Amino acid sequence: MKLAVINAESGKGGGPATICDDIYKNYIAAGNEGLACWARQANEGDGVNRYKIGNKFYLAWHLVITRLFDAHGLGSVIATKKLVKRLKEFQPDIVNLHNIHGYFCNYKILFEYLKEADIPVVWTLHDCWPFTGHCPYFDLAGCDKWKTGCHHCPELRRYPKSIWLDKSKRNYELKKELFAGISKNLTLVAPSAWLGDLARESFLKECRIEVINNGIDLDLFKPSKGEFKKSHGIEDKKMVLALASEWTVRKGFEDIKYIGQNLPDDYKLVIVGLQPEQVAEVPKEIIPITRTNNVQQLIEIYSEADVFVNASIEDNFPTVILESLACGTPVVTYDTGGCREEINESCGILVDKYDKEGLIAGIKSMGAKNEERSKACIEKAHYFEKKKMYDKYNGLFDELCKNK
């Protein structure tokens with residue numbers, strides 16, 4: 001069988017990029033052919049058959065029309081036509097979509113090709129963008145217009161930001177026409193039951209909807225000794241870790257800073273993943289660490305932490321929680337998205353969204369890491385071993401191709 005995957009990023013992007021690559025590689029390892037289509041970042045020489053979509057000029061122009069005309073996903077005309085030409089040459093038996101937002105793909109052109117090709121499409125949902133008129137998430141805005149028809153978008157100034165026009169009504173109706181228009185061939189895969197339930201309330205409810213959790217590499221993420229505490233002079237402290245690939249309001253940056261300032265004296269919060277300009281925003285009580293692609297360093301930090309805290313307000317199925325558990329570190333998290341599906345009472349604590357004091361209470365309740373709790377964390381993480389998760393994709397791909 002021949003699989004084509006399409007995502008905004010590939011290789012070193014983390015999050016959806018890693019998940020997309022892992023699904024692809026697992027299917028190819030089973031003796032199939034593949035084509036990985038991407039716009040940004042890549043690990044060259046890793047044996048992946050890649051096709052790069054567009055260039056910096058197309059990305060920049062797509063950004064401009066998004067800002068001015070709220071036309072995200074409707075730029076990149078030439079780049080997407082070239083992508084379609086490459087797909088026709090490759091002749092995939094099945095297409096696996098991931099994030100097709102990100103200033104690189106014209107979804108109208110792409111879905112017109114998918115309808116014409118009449119082949120199975122599996123769309124792995126990493127957020128809610130496929131069934132809204134603008135936003136990837138709507139929790140912060142408390143908006144439910146996506147259920148009946150988007151208009152007067154309250155999230156217009158957030159990604160994908162528009163500074164002038166609000167075309168959320170047009171976008172919603174066009175997506176509904178195009179995406180639901182191939183519902184007989186379209187299977188949605190949600191990494192969490194939470195996101196799957198949202199999709200069932202959307203205009204994509206006629207599609208087949210499956211839940212396959214994200215997975216992690218347990219040969220890589222496991223307890224590892226390091227000297228982070230020693231090198232930062234906090235050997236006598238209980239270390240609380242907060243980590244994100246991008247610290248934004250959605251990831252709870254303000255709440256995390258509040259927590260770091262209000263922990264007892266025998267605790268120390270470490271924030272990992274900051275941009276250089278954000279370091280200056282971090283209160284003196286907190287240890288700031290800029291973003292790193294050194295996975296082994298991250299594993300050692302995960303392993304030395306006593307508690308991992310997640311203050312995301314909007315999230316799908318954050319792999320950082322799984323990575324922490326795999327390294328033996330328990331989690332205190334807001335009850336958002338699919339977080340409740342990742343932990344249980346033996347390895348974590350759920351707190352109502354926006355309850356910063358509840359997160360602090362949960363951290364203090366966890367206290368110093370102990371062997372029994374670390375063992376429970378690792379046992380929970382083993383449920384999400386990536387080959388086990390992504391073999392489910394293999395079965396789904398084969399089933400859809402066979403039934404076509």
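In a helix (DSSP H, G or I), touching a Leu at 6+ places or on another chain (Cβ under 8 Å) and of a type outside the set (Ser, Thr, Tyr): does that describe ALA199? Walk me through how you get there before you give the answer.
Details: in a helix (DSSP H, G or I): yes; touching a Leu at 6+ places or on another chain (Cβ under 8 Å): yes; of a type outside the set (Ser, Thr, Tyr): yes.
Spelling it out, ALA199 is indeed in a helix (DSSP H, G or I), touching a Leu at 6+ places or on another chain (Cβ under 8 Å) and of a type outside the set (Ser, Thr, Tyr).
I'm trying to understand the selection: among the residues of the range 288-312, which are crowded, with 19+ Cβ neighbours inside 10 Å and hydrophobic (A, V, I, L, M, F, W, C)?
Selection gives ILE289, LEU298, ILE299, ILE301, ALA305, VAL307, PHE308, VAL309, ALA311.
Counting just the residues of the range 177-195 that are free of Cβ contacts under 8 Å to residues at least 40 places away in the same chain and of a type outside the set (A, V, I, L, M, F, W, C), which one comes out surrounded by the most Cβ atoms within 10 Å (Cβ to Cβ)? If you could, list the steps in order and put the result at the bottom.
Of the range 177-195, the ones free of Cβ contacts under 8 Å to residues at least 40 places away in the same chain are 177, 180, 183-184.
This time we only want the ones that are of a type outside the set (A, V, I, L, M, F, W, C), so: 177, 183-184.
Working: GLU177: 12, SER183: 15, LYS184: 10.
Filtering the range 177-195 for residues that are free of Cβ contacts under 8 Å to residues at least 40 places away in the same chain and of a type outside the set (A, V, I, L, M, F, W, C), the one surrounded by the most Cβ atoms within 10 Å (Cβ to Cβ) comes out as SER183.
Quick check on the range 165-173. Is at least one of its residues closer than 16 Å to CYS135 by Cβ, of a type in the set (A, V, I, L, M) and either buried (at least 21 other Cβ atoms within 10 Å of the Cβ) or touching an Asp or Glu at 6+ places or on another chain (Cβ under 9 Å) (or both)?
Yes.
List, please: which pairs have Cβ atoms under 6 Å, are six or more places apart or on different chains, and start with a residue in the range 344-362 that is under 16 Å from ALA242 (Cβ atoms) and end with one that is assigned to a helix (DSSP H, G or I) and among the acidic types (Asp, Glu)?
LYS356/ASP255
Scanning for something free of Cβ contacts under 8 Å to residues at least 60 places away in the same chain and buried (at least 23 other Cβ atoms within 10 Å of the Cβ), does the range 56-70 turn up at least one residue? Break it down stepwise before answering.
Kept after step one, since they are free of Cβ contacts under 8 Å to residues at least 60 places away in the same chain, are these residues of the range 56-70: 56-65.
From what's left, buried (at least 23 other Cβ atoms within 10 Å of the Cβ): 62.
Yes; the residues of the range 56-70 include at least one that is free of Cβ contacts under 8 Å to residues at least 60 places away in the same chain and buried (at least 23 other Cβ atoms within 10 Å of the Cβ).
Look through ILE349, ILE343, ILE321 and report the one residue that is part of a helix (DSSP H, G or I), at pLDDT 95 or above, touching a strand residue (DSSP E or B) at 6+ places or on another chain (Cβ under 8 Å) and assigned by TED's automatic domain parsing to the domain that holds PRO288.
Numbers: ILE349 fails: part of a helix (DSSP H, G or I); ILE343 fails: part of a helix (DSSP H, G or I).
Every option except ILE321 fails the conditions.
GLU116 versus (1) assigned to a helix (DSSP H, G or I); (2) surrounded by fewer than 16 Cβ atoms within 10 Å (Cβ to Cβ); (3) under 22 Å from the mean Cα position of the chain (by Cα): which is the lone unmet condition?
Evaluating GLU116 over (1) assigned to a helix (DSSP H, G or I); (2) surrounded by fewer than 16 Cβ atoms within 10 Å (Cβ to Cβ); (3) under 22 Å from the mean Cα position of the chain (by Cα) leaves (3) as the failure.
Considering only the range 363-382, how many residues are assigned to a helix (DSSP H, G or I), surrounded by fewer than 16 Cβ atoms within 10 Å (Cβ to Cβ) and free of Cβ contacts under 8 Å to residues at least 60 places away in the same chain?
5
Report whether or not LEU325 is over 20 Å from ASP139 (Cα atoms) and surrounded by fewer than 24 Cβ atoms within 10 Å (Cβ to Cβ).
Working: over 20 Å from ASP139 (Cα atoms): yes; surrounded by fewer than 24 Cβ atoms within 10 Å (Cβ to Cβ): no.
No.
Could you list, in sequence order, all residues of the range 119-145 that are assigned to a helix (DSSP H, G or I) and in contact with a helix residue (DSSP H, G or I) (Cβ under 7 Å, 6 or more places away or on another chain)?
Let us first name the residues in the range 119-145 that are assigned to a helix (DSSP H, G or I), namely 129-131, 145.
Result: PRO130, PHE131.
Every residue, every condition in (1) within 21 Å of the chain's Cα centre (by Cα); (2) within 24 Å of LYS115 (Cα to Cα), yes or no:
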| residue | (1), (2) |
| --- | --- |
| ALA141 | yes, no |
| SER162 | no, no |
| LYS167 | no, no |
| GLU177 | no, yes |
| SER192 | yes, no |
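Quick one: which residue in ALA36, ALA29 is assigned by TED's automatic domain parsing to the domain that holds HIS151, surrounded by fewer than 20 Cβ atoms within 10 Å (Cβ to Cβ) and within 23 Å of VAL189 (Cβ to Cβ)? I'd like the intermediate steps shown before the answer.
Details: ALA36 fails: surrounded by fewer than 20 Cβ atoms within 10 Å (Cβ to Cβ).
Step by step, each of ALA36, ALA29 is checked, and only ALA29 is assigned by TED's automatic domain parsing to the domain that holds HIS151, surrounded by fewer than 20 Cβ atoms within 10 Å (Cβ to Cβ) and within 23 Å of VAL189 (Cβ to Cβ).
Of all residues in the range 294-318 being touching a Cys at 6+ places or on another chain (Cβ under 7 Å) and part of a helix (DSSP H, G or I), which is nearest to GLY260 (Cα to Cα)?
TYR302
Hey, among the residues in the range 119-141 that are closer than 16 Å to GLY181 by Cα and among the β-branched types (Val, Ile, Thr), which one's surrounded by the fewest Cβ atoms within 10 Å (Cβ to Cβ)?
Step one: filter the range 119-141 for residues closer than 16 Å to GLY181 by Cα, giving 119-123, 130-132.
Those still in the list that are among the β-branched types (Val, Ile, Thr) too: 119, 121-122, 132.
Values: ILE119: 21, VAL121: 24, VAL122: 24, THR132: 23.
Among residues in the range 119-141 that are closer than 16 Å to GLY181 by Cα and among the β-branched types (Val, Ile, Thr), the one surrounded by the fewest Cβ atoms within 10 Å (Cβ to Cβ) is ILE119.
Could you please find all residues in the range 367-383 being among the aliphatic types (A, V, I, L, M) and farther than 15 Å from CYS327 by Cβ?
Narrowing the range 367-383 to residues among the aliphatic types (A, V, I, L, M): 368, 376, 378, 381.
Residue satisfying the conditions is ALA368 alone.
Does GLU285 satisfy being more than 19 Å from the chain's Cα centre (by Cα), in a loop (DSSP other than H, G, I, E, B) and over 20 Å from TYR354 (Cα atoms)? Full working, then the answer.
Details: more than 19 Å from the chain's Cα centre (by Cα): yes; in a loop (DSSP other than H, G, I, E, B): yes; over 20 Å from TYR354 (Cα atoms): yes.
So GLU285 passes the test.
The values are calculated or read from the model by the stated rules, or taken from the named source; none is laboratory data. Remember, it's a predicted structure, so these values are computed and weren't measured experimentally. No Cβ is skipped: glycine too gets one built from the backbone with ideal geometry, and neighbour counts run over all protein chains shown.
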